[in-house]
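See structure below.
Just so you know, all these numbers are worked out from the coordinates, no wet-lab data involved. Predicted model, so just to flag it, every value in this text is computed and none were measured. A quick note on method: Cβ atoms are made from the backbone with ideal geometry, for glycine too, and the neighbour counts reach across all protein chains shown.
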Amino acid sequence: MQLARVYDSLMTKYRVADNPVVTIVLFGVLLRLLIMPFFAHVDLFSEFRRVVYSISNDIYFPQQNRLVTFYIEYLFVWLFFPFLENVDKIFYLEDISLSTSNMSDFYIFVNDTSIFRHLFIFKLPYLICDVVTMWLIWQFIDDKKRATIAVAIWVFNPITLFAVYFFGRYEAIPIMFIAATAVLLKKDKPVWAAICLALAINSREIYVVTAPIFIIALYDDEMRFWTNIKRIVPALIILAVAVIVPLALTKILGGQAAFSSKNVYQDSRANALYAMSYHWFYPLVFGYFLLLFSLLTQTHRRSELTYLFGSGLVIAVYFMVTGHSAHYVAWLLLFPVLLINYVARLRDMVIAILLLFLFWFVYRLFKTDVNLFTLFLAVPFNMEFALYKTFQQLYMGWVGDTRAIFEYTKVLNALKTAFTAVLVFLSIQMYRCIKTGDDR
Amino acid sequence: MNSAAIIGLSLLQLAGVNDITINNGDWLSLGEKDPYVWMNVPQTEQQPSGVLIDYQITKAPEEYAVEVYYSTNLHSFSEKFKHYFELTTKPNNQLYIPVDLINDESLQVFRLDFDQCNGCKVKLNKMILIPEAEAADLAQYQPLDYESKINQKRLITAPDDRQLPLGEPFIWKSLPESAKNAKAVLIEYQIKDAPTSYRGDLYYSTNLHLFSESLKYSFELSERSENSLLVPIDLIDGENLRAIMFDIKDCPGCRMQLKKVELLDQTAMQSYEQFIPADYQSHLADKKQNISANGMRIALQDFSLKDLQLLGNNKVKVTGIEPRLDSPPIELKINDFAGLYLRLRVPASQKTGMYIDIDWSTNRHGHRKKIVSRWSGPNQETAQLFIPFDPISAERWLKYFWVRFEPQLGDEYSVEEILIVTKDKRQEFQDLSPSLANFPGAVSSLPGLIKGGIKRMLKDWGFLIVYGLILILVATALGLSWWAKLQRNSTTVDKTRI
């Protein structure tokens, strides 16, 4: 076949000929393309209504959090703006302070015949970032057989597929920056790594918890004091600036960001969090600080290993003690996937990751949440999906009034506990990497 | 109180706190600004009749206050659903909060505000949902002014209008199940010191919170000392009578004693027919709206106008920042109707599209939901909108709706038709309207779902072509990559053989 030969020679030319990973990535892209236009959660509409509104009204400082995510989305929507339809009606925003969509507005968005193109355009930046992440994973892992497995896990993992393409959340953007942070740390480029982490923090605020771990990871006790200072201080400044810039921008622009009245650090829920009002917050703080202290006394020298292990662990602990939304688990997956580079027994880590997928799926199927892990996400394809019963409702119908072991809340709690066990198991596998990673 | 009294779970799991720090041993340290805690109420089959709160307090001033709010939704607390306790520095306290809700309402949230208690430390020991059977035992812990408050809450007239001392409060907190068969209320009363003529309004209601002018009958009364009144109850199927109120007007200084208040069913009512007010039939006729084959037409004159001025000829002009039409009370089961149809002549500024918000409510005490419609049409003066009721459960009743306009001062609209469309006529009116909001009525089978989805896709040919090309491109690349790999493998195998 002539075409195949041309393709083959092209691939050889670009030195990726013998990479089954190309097939895997192409398969992943096709799979993602098939999902993109047909699924969405209300949050996607809220996000892009803000973006469209900002473009139409010349708003350049929309919110204090997730600025990088916003600007990337802004750029894409701006490029494709001529292809959007019925903008005035669909993205109409009556009150700028209430930019989170209600169901009525969402139905207007979904019901319009342009829904498929809109979803496709809006998810394009996510797809691109996701593919870059695949490439970064490939780059990060030395052994290319392992790299292929890691990329395959990433390509077919249900968690980010759900978060980014079914739910329609922007998690692919910060994840890409975190992957870049890891690659740059591995190449011993702490300043560039710090810049990438800064971008990640301003794409998704959760990654601010990895910043102290990043700084600790840069410290090497075999290096001279001043060498350490030279590595750490610039990174510290970059990260500090990353956190301060949005706040400073608010001050400089003399007021508020367009859409949000409060940033996440000032949000009442965050205040409640810091006031330790939530019972689950205690173990999280405990675990976090214990981890920081332990990392400080570690003697190994691989910055990227310390960073990946520490960050993976802190986020795993977070999901051990909280439930929250199904798509948040997407924050975790990259860390164990990159740590595949260091595991002694690849099989153990792969099993841990597969168990994570399985238990995450079953637990979320039961937990459902409102419109979150249900067929409601397929409403863009056909509005009738909104009327389908959730798995929770079906299950309760099957079990009926039984108050035995199969009662819904008992099953849910058991599943949450099993999910926590999987996270602990995964954490153990990540911890093992520290040992083998140093030995190598 | 035995353990059977506990329905649902203890409420001690706080959903959140404001201006409060939680210390060791679950002591709450109250801040100075606005300290409160709130908790979500687990949903149980049996509705609680109240909540018992048992708490300890230290460092409290001699007098402080606690306000307890309860709510049927997660968004707001209303002053109507609040109890107020003035308290002193007892270390241990019990408060009983009667929850005054009606049949289909459910208690969702509960909030405890501490007032004038800066620096106090509070420990919540118990918060328990109490079923109706146990409520009476706890009356000693309820707010002192509970009875009077609850009655006041149900009066729509100002207190000044009701100077006569009534024999007993003329309210039923909850009427028995049999009340749903009631077709009339018979009232016998004695009155003294009455003027030659005065007025009595009998309100009846399907809830305990508010009496509406639409469910009222007014009597012209005379100075006769013995009086019997029969008021037919004009409710619709599926609604239950929950409360009535007899309000005497223009009768200052009168003294009245109720002799008899009875609910009558259809049969019993016939034997008292002579007491039915003579003008009752015409009163009913006025009330009924004309339901045509297309649906129920509501004239502009029946709406209350806010920030709108009626110019005559069905024309209104925007005069304020919140222009809207408030519907008269309507009583329609959503199941029988498909949506709301509006035909308006719109001002030039709105010719290419406009935004109309329809708020609707299925009860009379302010719980509003919102459906939105946007009109996007060719450049013409007449806007036709069809707003489907699909987001509202078919089992509910539409009782009010509000039509909000764009707040463009001076804009004039001609309201040509407002119609609540019957199910049969849905398609007809839906087709008239280019409204962007729409919603399915029922679920199809799986092939139907797929067909429906494909049908939707075919409406955007432009996208379909581009999307198809991208898919073909990626699929071809994938196929080639696969093919190249197979080819390479076979070449390698051949070479090995050689």
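How big is the C-alpha Rg of chain A next to the rule-of-thumb value 2.2 N^0.38 Å, as a ratio? Mind dumping the intermediate values first?
On the way: Rg = 22.5 Å, N = 440, 2.2 N^0.38 = 22.2 Å.
With N residues counted in chain A, Rg over 2.2 N^0.38 Å equals 1.01.
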Q) Roughly how many nanometres apart are two label points built 7 Å out from the Cα toward the Cβ at A:Ile229 and A:Phe80? A) 5.0 nm
Q: Give, in nm to one decimal, the length gained when the segment between B:Tyr146 and B:Glu273 is fully stretched (0.36 nm per residue of separation minus the Cα-Cα distance).
A: 41.9 nm
Q | region A:24-47-region B:59-73 distance, computed between alpha-carbon centres (Å) | A | 50 Å
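If the only charges are +1 at each Lys and Arg Cβ and -1 at each Asp and Glu Cβ, what is the size of the charge dipole of region A:79-177 around the Cα centre, to the nearest 20 debye?
On the way: 7 positive and 10 negative charges, 107 e Å.
About 520 debye.
DSSP loop trypsin sites (Lys or Arg not before Pro) in region A:132-215 with at most 14 other Cβ atoms within 10 Å of their Cβ, which ones?
On the way: sites: A:Lys144, A:Lys145, A:Arg146, A:Arg169, A:Lys186, A:Lys187, A:Arg204; in loops: A:Arg169, A:Lys187, A:Arg204.
Here the sparse-neighbourhood loop sites are A:Lys187.
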**Q.** Per-residue Cβ neighbour rank within 10 angstrom, fewest leading, B:Glu62, A:Glu304, B:Glu67, B:Glu262
**A.** B:Glu62, B:Glu262, B:Glu67, A:Glu304
(Q) In Å, what Kirkwood hydrodynamic radius results for region A:14-81 from the alpha-carbon pair distances? (A) 14.6 Å
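What's the extension gain from A:Asp95 to A:Tyr388 if we count 0.36 nm per residue and subtract their Cα-Cα distance? Don't jump to the answer; show the numbers that get you there.
Values: separation 293, 0.36 × 293 = 105.48 nm, distance 3.15 nm.
Extra length from A:Asp95 to A:Tyr388 when fully extended: 102.3 nm.
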Q) Within chain A, which complete DSSP H helices have Cα atoms spanning at least 30 Å along the helix axis and a mean Kyte-Doolittle hydropathy of 1.6 or higher? A) A:225-252, A:346-367
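Let me confirm one metric for peptide B:450-462, namely the mean number of other chain beta-carbon atoms within 10 Å of its residues' beta-carbons. Provide the component values of the computation, followed by the final result.
Numbers: counts 2, 1, 5, 9, 2, 1, 11, 6, 1, 5, 9, 1, 4.
Counting other chains' Cβ atoms within 10 Å and averaging over B:450-462 gives 4.
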**Q.** For region A:118-226, alpha-carbon Rg over 2.2 N^0.38 Å
**A.** 1.18
Q. Is there a simple number for the mean count of other chain Cβ atoms within 10 Å of the Cβ of residues in A:386-392, and what is it?
A. 2
Q: Enumerate by residue number the trypsin sites (Lys or Arg not before Pro) in region A:289-347 meeting two conditions: DSSP loop (anything except H, G, I, E, B), and at most 16 other Cβ atoms within 10 Å of the site's Cβ.
A: A:Arg301, A:Arg345
Q: Determine, for A:Tyr71, A:Tyr408, A:Tyr342, the number of other Cβ atoms within 10 Å of each Cβ, and report the residues in order from fewest to most.
A: A:Tyr408, A:Tyr71, A:Tyr342
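Averaged across the residues of B:135-141, what count of C-beta atoms belonging to other chains lies within 10 Å of each residue's C-beta? Working shown, then result.
Working: counts 0, 0, 0, 0, 0, 0, 0.
Partner Cβ neighbours, averaged per residue: 0.
Going by how many other beta carbons lie within 10 Å of each one, how would you line up B:Arg345, A:Arg224, B:Arg324, fewest first?
Details: B:Arg345 15, A:Arg224 9, B:Arg324 20.
Fewest-to-most ranking of B:Arg345, A:Arg224, B:Arg324: A:Arg224, B:Arg345, B:Arg324.
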